[in-house]
Every structure is written in structure tokens, then in C-alpha cells.
1. Please determine, by comparing only the residues of region 56-77 that are more than 14 Å from Ile220 (Cα to Cα) and of a type in the set (Ser, Thr, Tyr), which one is surrounded by the most Cβ atoms within 10 Å (Cβ to Cβ).
2. Tally time: how many residues in region 230-246 are among the acidic types (Asp, Glu) and in a helix (DSSP H, G or I)?
3. When you scan region 207-229, how many residues do you find that are of a type in the set (Ser, Thr, Tyr) and either surrounded by fewer than 18 Cβ atoms within 10 Å (Cβ to Cβ) or assigned to a loop (DSSP other than H, G, I, E, B) (or both)?
4. Find the residue count for region 97-109, including only residues that are in a helix (DSSP H, G or I) and either free of Cβ contacts under 8 Å to residues at least 60 places away in the same chain or under 11 Å from Asn75 (Cα atoms) (or both).
5. Looking only at region 167-204, count how many residues are within 30 Å of Val13 (Cβ to Cβ), touching a residue at least 24 places away in the same chain (Cβ under 8 Å) and either among the polar types (S, T, N, Q) or away from the ligand (no atom under 11 Å from the Cβ) (or both).
6. Identify all residues within region 33-74 that are part of a helix (DSSP H, G or I) and polar (S, T, N, Q); write none if there are none.
7. Considering only residues that are among the hydrophobic types (A, V, I, L, M, F, W, C) and under 12 Å from Pro183 (Cα atoms), which ones fall in region 218-240?
Amino acid sequence: MLNKDHPRYESLVYREKIVEAHKNGILADSGMIAHGRGETFDYLIGEKTTENSLNTIEVAACYFLTRKRPVLSVNGNTTALVSEDIAKLSELLDIPVEINLYYRTPERIKNIEKVYRELGVKELLGTDDDDFIDTPDLNGPRSPVSIEGINKSDLIFVPLEDGDRAEKLVASGKEIISVDLNPLSRTAQTSTVTLVDNIVRVMPQLIKSVNKHMDCDKSILLEKISNFNNKDNLNTAIHDIIKRFE
Ligand code: PTJ
């Protein structure tokens, strides 16, 4: 039983979710390490959403509202921490959720599928019932994607993963919104839009921002996108960390 007065109560709640997801066969063993890496960067960032992150979340909302076929790609860590918000965003935008795992096993797919089915996700892709096609020039277990999902999409939400997938997807003409507390990771560096923030803070804010911009004129949304530069965003995120040491 967690004590609410503990100074790191929230962080402990999320650790418990991670442990629970591991017990339930949702989280990969190395998902625990990935979470620890995230905690370290979150500590450096100050465990809060910065002004820069808030602006970038708004830009991400504008992307979602102006692209034809966005998809939410999910793995074990994302499912452990924010499955309910993923289901909400999928419903709000009427877009599919696609399971894409590095440590793919039929058991993990079944367990993660069950989570999203119980949350009522209408279009759940990447399950073992799907037809898959490889991502161009990408080797490894993340390469196969659903023919009807990521393969046909123009915008992919990629939370909590590092590797060369974002780079290869961008090279194949797709746009990527990633969520990664580490602004130096390959995924962070190669995405179209990088949200350098904790997924547990990003999701509610992103849902709020999509709702806020839902009825905006498309030209306003496109203007916000054209004023955005991901290199500047990453530089600001890195400087926000450096400032914490001064
Ligand atoms: O579920 P699977 O099989 O697909 O496996 C997932 C792994 C663990 C392999 C995948 O998430 C991964 O590639 O882990 P990495 O390489 O450690 O990258 C995870 C990235 O997410 C790191 O850069 C972390 O800093 C970041 N991260 C971890 N937790 C959070 C986070 N970013 C935002 N919010 C978090 N809560």
C-alpha cells in the first residue's frame, strides 16, 4: 500500500503500474529499464511540463487534426502507463491503435490486445489476425506493420521507444510525433515533432489540446505547423535541462 504523503508518491504509483504490467505479461523485461531511463530524464527536466513542451503538444494536436490517416502505435510501456488515454484519443480522433512491439510474442500481443478491447478501441491493428508488410529498409521485430494501419498512414504517434524505426518511417515519407523524455535519443532526433515530456503528462494535455483546436479553421492549424521547427524544439529542451544545473 502506497503512502500518499510520500514525497515521491506519483512516481511510485507509476512504478507500481509498471510492475503490475510486467506481472500481467504486458511489459517486456527491458521495459523496466526503459522506464528507469525515462525517470532519470524526467528528474533532470524537473518532473513537469515545460512551456516548450506545452507549445509542442499544441503543434502535435494541429498535426493530428490536419492529417488524413494518423495511427497511434503502442508498445508495452505505453500500455502500462496510459492505455486509457490512448483509447480516449483514438475515439476522439476516430483513428486506429496499432500494437508494434520490439519483444513480440503471441502472449504479449494477446495481453495487450485484451487491454484495448476492454477499453472499447474500435480499430485495433497489429494483432496476430492482421496482414503485415515490412517497413522499407528496417530490419528487426518492429519492421512488420499492419497493411491497413501504419503502412497506409501519413502520421504516426510513436511513444516510448528508441531505435531506427522513426528514421526509416520518416525516410518512407511519413510524419512522426514521438514522446521521449530523452531529447538525444535517435527517435527524438529524427521525428517530425518530438514531445520531450513524460507520457503520463503528455496524454491528458494532448487530449485537451485536440479538443481546444477541433473546430479551428484548418489554415490556422497549418500556420502553427509551419511556424514550428523540431530542431529548435529539441535545442530548447536540452537547454531547459542544462539550466537546471546552473
Ligand atoms: O514493449 P516492447 O516490446 O516494444 O519493448 C519496449 C522497449 C523497452 C524495447 C522500448 O520502449 C525501447 O526501445 O526502450 P528504450 O530503447 O529504452 O527507449 C525508451 C525511451 O523512452 C527512452 O529514451 C526513455 O527515456 C523514454 N521513456 C521512458 N519512459 C518514458 C519515456 N519517455 C516519456 N515518458 C515516459 N514515461
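1. The extreme case among them is Ser73.
2. 2
3. 2
4. 3
5. 8
6. Thr40, Asn52, Ser53, Asn55, Thr56, Thr66
7. Result: Leu234, Ala237, Ile238.
Yes/no per residue for (1) over 13 Å from the mean Cα position of the chain (by Cα); (2) within 17 Å of Ser153 (Cα to Cα):
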{"site": "Cys62", "(1), (2)": "yes, yes"}
{"site": "Ser83", "(1), (2)": "no, no"}
{"site": "Ala87", "(1), (2)": "no, no"}
{"site": "Asn100", "(1), (2)": "no, yes"}
{"site": "Arg104", "(1), (2)": "yes, no"}
{"site": "Arg117", "(1), (2)": "yes, no"}
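The values are calculated or read from the model by the stated rules, or taken from the named source; none is laboratory data. These numbers were taken from a predicted model, which means no experiment stands behind them. Every residue, glycine as well, gets a Cβ built from its backbone with ideal geometry; the counts of neighbours run over all protein chains shown.
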